[in-house]
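For reference, the structure is listed below as structure tokens.
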Amino acid sequence: MNFKKVILVTLISTVFLVSCDNNDNVQDAPLGTYDNGALILNQGGFGNGNASVSYLSNDFATFQNTVFSVVNPTITLGDTAQDMGFYNNYAFIILNGSNKIEVVDRYSFETVATITTGLSNPRYIAFANGKGYVTNWGNGNDANDDFVAVINLTDYTVSSTISVLEGPEKIVEYNNKLYVAHYGGYGFGSTVSVINSATNTVSTSIPVGDLPNSVEINNGNLYVICGGKPSWSGAESAGKLVKVDLSNNTVTGTINFATASHPSNLEIENEAVYYTLDSGIFKTTLTATTLPATPLFTTTSQGAYGIYSFKVENNKIFVGDAGDYSANGKVYIYSLTGVLEHDYTVGVIPAGFYFND
């Protein structure tokens with residue numbers, strides 16, 4: 001089904017919920033104009049069914065909360081929005097708590113399809129070889145039922161599944177292969193699986209480090225931030241920044257963090273490496289062999305001690321702060337040198353930034 005971008009000029013002013021705490025002169029987005037900006041996925045509280053999407057234009061002139069419900073007033077987005085992925089004109093929103101995928105036109109945000117079968121605790125999505133691939137934890141108490149669901153992008157069904165190790169999380173594509181970070185579910189993972197999309201089979205597993213939480217591909221290399229085991233595990237381990245050569249799937253570089261340091265939120269932008277550690281945002285280079293001793297800047301003055309979501313895009317740094325995890329969260333936008341330029345109140349638990357350009 002091919003849906004053209006729909007441009008509607010009617011505003012439903014009584015439904016738009018807009019907030020901008022730094023008093024920017026923002027306006028509501030006309031229905032159907034959600035391109036050229038960031039879609040902010042708000043996870044919502046688990047079991048509360050209050051996941052939502054906010055929109056912020058690249059020029060910061062337009063901001064709008066509850067995009068999905070404004071466009072589709074008779075449909076509830078669902079419970080615990082985990083991830084969003086773009087394929088052609090469509091956005092695929094992964095609802096972990098609802099065990100479903102909501103497919104929408106990525107520009108108008110009109111619903112296109114809902115995938116409700118063949119999923120079990122879905123997490124993240126990527127695309128390869130004309131198919132969608134969604135990581136699933138299955139039953140968190142069962143280490144042997146984890147899988148990657150293969151999505152038929154013509155009829156929006158799960159066409160097959162691929163058994164993988166426990167706790168598949170972030171997934172990225174390169175040269176029609178999928179790289180799956182195994183955070184571990186309720187356990188502690190330490191590998192990256194490689195899936196061949198031509199055969200839908202796992203071709204190899206790459207040992208990286210404890211609790212790989214974010215992955216990025218740059219110039220034929222896979223970069224992985226491993227958080228390391230936390231102190232409460234009884235076997236605390238150091239975080240790592242790992243580099244994998246994708247021509248042969250071998251680890252070619254590892255930089256260890258201090259044992260009590262547990263990094264996350266890896267981003268590579270303009271050949272610079274960014275990551276977060278507690279309230280600090282750190283920057284280094286792709287060729288570095290040691291880690292910076294001090295952060296580029298911290299977010300403590302905004303209250304974002306534990307940075308929940310993070311993105312570097314368009315020469316800006318975007319930070320999502322979940323606050324108390326029950327009230328509406330905040331989004332802070334900084335310059336690359338750490339100057340706070342904008343802030344917005346969004347939905348509950350801002351979980352990710354997806355640029356719809």
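The values are calculated or read from the model by the stated rules, or taken from the named source; none is laboratory data. Being a predicted model, the structure only gives us computed values, none of them experimental. Using ideal geometry, Cβ is built from the backbone for each residue, glycine included, and neighbour counts are taken over all protein chains shown. In case anyone asks, the SASA skips ligands and DNA or RNA and just uses the protein heavy atoms, side chains included. Shrake-Rupley method; radii C 1.70, N 1.55, O 1.52, S 1.80 Å.
Do we find a residue being modelled with pLDDT under 95, over 17 Å from the mean Cα position of the chain (by Cα) and of a type in the set (Gly, Ala, Ser) anywhere in the stretch 185-202? Yes: one or more hits. Checked against the criterion of being under 19 Å from Tyr354 (Cβ atoms), among the hydroxyl-bearing types (Ser, Thr, Tyr) and crowded, with 22+ Cβ neighbours inside 10 Å, the stretch 187-210 contains not a single residue that satisfies it.
Mind listing whichever residues of the stretch 273-321 are outside any strand (DSSP E or B) and surrounded by 21 or more Cβ atoms within 10 Å (Cβ to Cβ)? It would help to see each step written out before you state the result.
Looking only at the stretch 273-321, we keep the residues that are outside any strand (DSSP E or B), and these are 278-279, 286-296, 299-308, 314-315.
Correct list: Thr299, Ala304, Ile307, Tyr308.
Here Thr276 meets each of (1) touching a strand residue (DSSP E or B) at 6+ places or on another chain (Cβ under 7 Å); (2) closer than 18 Å to Gln43 by Cα; (3) not aliphatic (A, V, I, L, M) with one exception, condition (2).
Taken together, Ile268, Ile217 contain a single residue that is open to solvent by less than 40 Å² (accessible area, probe 1.4 Å) and of a type in the set (A, V, I, L, M), which is Ile268. Within the stretch 80-99, being touching a Leu at 6+ places or on another chain (Cβ under 6 Å) and on the phi < 0 side of the Ramachandran plot holds for Ala81, Met84. Scanning the stretch 345-357 for residues that are part of a loop (DSSP other than H, G, I, E, B) and open to solvent by less than 40 Å² (accessible area, probe 1.4 Å) yields a total of 2. Looking only at the stretch 333-344, decide whether some residue is among the hydrophobic types (A, V, I, L, M, F, W, C), surrounded by 15 or more Cβ atoms within 10 Å (Cβ to Cβ), within 30 Å of Tyr90 (Cβ to Cβ) and at pLDDT 95 or above. Looking through the stretch 333-344, at least one residue is among the hydrophobic types (A, V, I, L, M, F, W, C), surrounded by 15 or more Cβ atoms within 10 Å (Cβ to Cβ), within 30 Å of Tyr90 (Cβ to Cβ) and at pLDDT 95 or above. Checked against the criterion of being among the hydroxyl-bearing types (Ser, Thr, Tyr) and touching a Gly at 6+ places or on another chain (Cβ under 8 Å), the candidates Ser98, Ser69 yield just one match: Ser98. Taken as a whole, the stretch 93-104 holds at least one residue that is out of contact with any strand residue (DSSP E or B) (no Cβ under 8 Å at 6 or more places or on another chain), within 23 Å of Gly352 (Cα to Cα) and either open to solvent by less than 50 Å² (accessible area, probe 1.4 Å) or in a loop (DSSP other than H, G, I, E, B) (or both).
Restricting the search to strands (runs of 3 or more DSSP E) fully inside the stretch 172-269 and requiring at least 1 residues that are over 29 Å from Tyr305 (Cβ atoms) and in contact (Cβ under 8 Å) with a residue 40 or more places away in the chain gives 177-182, 191-196, 201-207, 212-218, 221-226, 240-245, 250-256. Residues that are surrounded by 24 or more Cβ atoms within 10 Å (Cβ to Cβ) and more than 16 Å from the chain's Cα centre (by Cα) are absent from the stretch 123-142.
Return yes when Ser247 is among the small types (Gly, Ala, Ser), closer than 23 Å to Gly352 by Cβ, open to solvent by 20 Å² or more (accessible area, probe 1.4 Å) and modelled with pLDDT of 95 or more and no when it is not. No, not satisfied. Would you check if Asn23 is open to solvent by 10 Å² or more (accessible area, probe 1.4 Å), out of contact with any strand residue (DSSP E or B) (no Cβ under 7 Å at 6 or more places or on another chain), at pLDDT below 95 and in a loop (DSSP other than H, G, I, E, B)? In short, yes.
None of Gly338, Gly329 is in contact (Cβ under 8 Å) with a residue 40 or more places away in the chain, small (Gly, Ala, Ser) and not in a loop (DSSP other than H, G, I, E, B) except Gly329. If a residue has to be modelled with pLDDT under 95 and of a type in the set (Lys, Arg) to count, how many in the stretch 108-150 make the cut? Counting residues in the stretch 108-150 that are modelled with pLDDT under 95 and of a type in the set (Lys, Arg) gives 0. Of all residues in the stretch 143-171, exactly one satisfies the criterion of being open to solvent by 60 Å² or more (accessible area, probe 1.4 Å), of a type in the set (Ser, Thr, Tyr) and assigned to a loop (DSSP other than H, G, I, E, B), namely Thr154.
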